[in-house]
Structure formats: C-alpha cells, structure tokens
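Remarks on the structure that follows.
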Amino acid sequence: MIKRSFFLPGLLITLTLWGLLSLGFWQLDRADEKRIIEQAIVLAQSNPAEIVLRPSALIDKEHYQVLLKGHYDNNKQFIYDNQVVNSNAGYYVLTPFVLENNTAILVNRGFVPWYGNREKLADINISENITTIKVKLIATKQRIELKQENIDTTFPKLIQSLDMGQLSILADYQFISMLGQLDVKAENGFFRQWRPFYGSVDKHLGYALQWFLMALVLSIIAVRLLIKNSRN
C-alpha cells in the first residue's frame, strides 16, 4: 500500500516526467520542421540558375541560384564588419548591383581578413559596366548591434548590421530584402566559402534523445521509490 507521504513526491515526479516528455516531443516537431526546410533548400539549389528579370520576383527565390543582369555601383559599397571565417577576423564586401528603376540588391563579394590592420582596406574597386552575375539568394537578418552606428554618407561605409531600410537611405537605392552571395567561380570577388544549411535536424534529434533519456532515468527512479515505499 502506498503511503500518503509519497503522494507529493509522486506528483512532482509525474509533473517532471510530463515536462521532460513534452520537451522531447517538441524537439521532434522542430526536427520535422527543419527537415521540411532542408528539403526545400536542396530542391531550390538543385535547379539550374535562371535569369530573373523582375526584381520583385527575387523575394520568392530564397536559397535559389539566379542570374542577374545590371551593373555594380563602385562608389556606394559597404564593409560588413565583425565577421569570422576560418578563425580569421575580417569583413564582407557588400556591393550594390543595380537592376532597374533605382532598384538594387546587395551582393556579398566575399570575405577579406583584417590581418591585424583595421586602418587598411583591400582594393574593392569594381567595374560599373553592364554585366550578368550568378548569385545565391538568402534572406537578410539584422543582428544585434554592439553600439549605435554614426550615420554618415562616406563610402565605403563600415557597418555592423544589415538594416536594409537604413542602407537604402544611405545608398539612395531601393534595396531588395535579399542578399546575393556571389558564385564562388565568379570574378571580382574575394574569399567565398558559403556555408550550406545543414545539421539542424540532427541537433534537434539529439536534444530529443537527451530529454527522453532523462525521462527514462526518472521513470526508473520513480518505480524503485514506489516499490520501496510499498514494502515499508
């Protein structure tokens, strides 16, 4: 017979067990969501790059490789600071690529290390002739700024975050809310080793396994306590 003194600990164990199992199933749901995203990305990147003529059509092409026709603006480039690639601190070179009617997309031309000298930029000059480039589109994400940036119109401008509204004002372009990653084989770029989207599914499955194992251990402890309580 179970003693009354075991009711409260038993209730706490039950609630904790329920919480652990809920967390485990939540991680499984997250893994399913990420699996769907990864499948969509693989499908997008398996398609050959096609030329996109309407800038508005780029919004629905995240993760796709596309061909764009236009020209770079050499005089309004951005230095996207506080980046780390292969353990080297440096910056990305973001150059406006003008499409039509003052609409442009920022093209990430690659990474440049500071090499301990933040006073010297690499030669980022580029031709403004009409050309066709191949890029992979990713959605822009505005990261937390370490400090408030001073607003000025000096180019190339050092930036800490991708605030597309502010960058549009500074460059006097209507920037599309997508960032183009320049193809690794394209000319006029710097170091490019774009990270693929991977690993999220396994991460969530690992978390789910941890929660379920904790629930199993707690269940074993609860059973042993119940048996011991029943015998006394």
In nm², the average projected area of the convex hull spanned by the Cα atoms of the stretch 64-182 is 7.6
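Translational diffusion coefficient of the chain at 25 °C, 0.890 mPa s, Stokes-Einstein with Kirkwood Rh over Cα pairs, in µm²/s as a whole number.
In µm²/s, the coefficient is 114.
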Given backbone amide H placed at 1.01 Å from N, residues whose amide H is under 5 Å from that of ASN82, ignoring those fewer than 5 places away on the same chain, are GLY90
Protection proxy (average C-beta count within 10 Å per residue), highest first, orders 20-29, 97-106 as 97-106, 20-29
Once LYS120 and ILE221 are pulled to full extension, the length gained, defined as 0.36 nm per residue separation minus their Cα-Cα distance, is 30.1 nm
Here the FRET efficiency for SER127 versus GLN160, based on Cβ atoms and R0 = 30 Å and rounded to 0.05, is 0.60
Here the relative contact order (percent) of the chain, from C-alpha pairs under 8 Å and at least 6 apart, is 28
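Around ASP73, what is the net charge, scoring Lys/Arg as +1 and Asp/Glu as -1 over all other residues with Cβ under 11 Å from its Cβ?
On the way: positive: LYS76; negative: GLU128, ASP172.
Local net charge: -1.
Here, each number is a calculation from the coordinates, and none is a lab measurement. Predicted model, so just to flag it, every value in this text is computed and none were measured. When we count neighbours, we look across all protein chains shown, and the Cβ atoms used for this are built from the backbone with ideal geometry, even at glycine.
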